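Asks: Provided herewith is a single structure, encoded as structure tokens, for subsequent inquiry.
Values in this text are rule-based calculations from the coordinates and carry no lab data. Being a predicted model, the structure only gives us computed values, none of them experimental. FYI the Cβ positions are ideal-geometry reconstructions off the backbone, even for glycines, and counts take in every protein chain you see.
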Amino acid sequence: MAPLMSETQGINLLLAAPRGFCAGVERAIAIVEEALRRFGAPVYVRHEIVHNRHVVENLRAKGTIFVEELDEIDDPTRPVIFSAHGVSKEVVRAAQARQLFHIDATCPLVFKVHHEAQRHHRAGRHVLLIGHAGHPEVIGTMGQLPKGAMSLIETVQDAETVQLPASATGVAYVTQTTLSVDDTRDIIAVLRRRFADIVGPGREDICYATTNRQQAVAALAERCDFILVIGAPNSSNSRRLVEVAQRHGTCARLVESAADIDWSVISAGDTIGISAGASAPEVLVRELIAAFEQRFSPVAVQELKLSDENISFKLPAVLTVAGA
């Protein structure tokens, strides 16, 4: 591969664009920060607000208390925020039963999937959710419908073998928003072959940010010797970015921060691609660049920009109405 520069002791960094925070993550973090400003500390958050340790620790330092379940809340008079991944109806009912002041930071695009699933259920269709078992978004989405009204499809093999309940008058599918576009396409193709009348979303449920970041990483893979994706191990969209790079023939690794870089696989003169999952802040990208600058000289930094993102989501009215 031809280097971007002639100096043999240098390194070339090619940054994916877009990368990092999406509108749903920005909204969720803003909800916590505005709640702290309006109501003071502490503010509770059920589950990590987004899957990133840097973000969580920063909010914890400001007075946020993170819990996994509502019964862990010591002071029921304080606000509790639901994470960007969404929650089941059971969690909402539990908060109402305890008279908790709860604020929902669920990403609007995840809400869209919830509404689709509910609409299909009302129409008598059995819902197939394409997603990963155990992920908070999947738990929240499956929790929108009565038990047995939705089946989880994780693989192509699941799509080949899933059986519909006798009571179903039709079938529909929805998807987790942070999946690999390629993997979802293969599963959907099987479902459409098996169920001729299956109803899908008017547009893919995979969110714009996930799609944009995967396309940017695919473009990086054509130009780079190695790709680093900044993100948490429990971040679905970050792990999918690594898979996309590998699927396009380039070695890639997930790192939470610059401290996780395995320098033994990087050589002077390489072109290193850098991307970041939708819950990873830009400061971690800057720290990664600084780490390269400490080891290589000179460092050439360029950005590979595939698209612009100008989407933003409003905060809940309880945080924007004067005197609320």
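Asks: Arrange the peptides 46-57, 185-196, 160-171 so that the one whose residues have, on average, the most other Cβ atoms within 10 Å appears first.
Replies: 46-57, 185-196, 160-171
Asks: With mean projected area of the Cα convex hull in nm² as the read-out, I listed (i) 18.5; (ii) 15.4; (iii) 21.4; which label goes with the value calculated from this structure?
Replies: (i)
Asks: Moving on to the next point. Give me the Debye-computed log₁₀ of I(q)/I(0) at q = 0.12, 0.21, 0.22 Å⁻¹ for the range 108-206, equal point scatterers on Cα only, no solvent, two decimals.
Replies: Log10 of I(q)/I(0), two decimals: -0.31, -1.07, -1.19.
Asks: Now for a separate question. Where does the chain land at 222 nm, in deg cm²/dmol rounded to the nearest 500, when only DSSP H runs of n ≥ 4 count, each adding -39500 (n - 2.57), divided by all residues?
Replies: After summing the helix terms and dividing by the residues of the chain, the value is -11000 deg cm²/dmol.
Asks: Holding the Cα-Cα limit at 23 Å, pick out from Lys89/Lys147; Lys62/Lys305; Lys112/Lys147; Lys89/Lys112 the pairs that are longer than that. Intermediate values should be presented prior to the final figure.
Replies: Details: Lys89/Lys147 12 Å; Lys62/Lys305 34 Å; Lys112/Lys147 20 Å; Lys89/Lys112 15 Å.
The pairs that break the limit, which is 23 Å between Cα atoms, are Lys62/Lys305.
Asks: Now for a different question. Please get the size of the charge dipole for the chain, origin at its Cα centre, with Cβ charges of +1 on Lys and Arg and -1 on Asp and Glu, quoted in debye to the nearest 20.
Replies: 1000
Asks: Next up: Compare the Cα positions of His121, Ile188, Ala133 along the charge dipole of the range 108-206 (+1 at Cβ of Lys, Arg; -1 at Cβ of Asp, Glu; about the Cα centre) and return the one farthest towards the positive end.
Replies: Going by the Cα projections, it comes out as His121.
Asks: What's the angle, to the nearest 10 degrees (0 to 90), between helix 181-194's Cα axis and the longest principal axis of the chain?
Replies: It works out to around 40 degrees.
Asks: How about the range 73-133: which trypsin sites (Lys or Arg not before Pro) there are in a DSSP loop, with at most 15 other Cβ atoms within 10 Å of their Cβ?
Replies: Details: sites: Lys89, Arg93, Arg98, Lys112, Arg119, Arg122, Arg125; in loops: Arg98.
Sites meeting the loop and neighbour criteria: Arg98.
Asks: Pairs of Cα atoms under 8 Å, at least six residues apart: use those to get the relative contact order of the chain, whole percent.
Replies: 28
Asks: Would you mind checking the tilt of helix 23-39 against the longest principal axis of the Cα atoms of the chain, expressed as 0 to 90 degrees and rounded to 10?
Replies: 70
Asks: Mind jotting down the distance between the C-alpha centroids of the range 257-283 and the range 213-232, whole Å?
Replies: Each part's Cα centre sits 10 Å from the other's.
Asks: If each of Phe313 and Asp158 carries a label point 7 Å out from its Cα toward its Cβ, how far apart are those two points in nm?
Replies: Label-label distance for Phe313 and Asp158, simple model: 2.2 nm.
Asks: To continue, here is another question. Restricting to Cα pairs below 8 Å that are 6+ residues apart, what does the relative contact order work out to for the range 108-206? Please round to a whole percent.
Replies: The normalised contact order for the range 108-206 reaches 33 percent.
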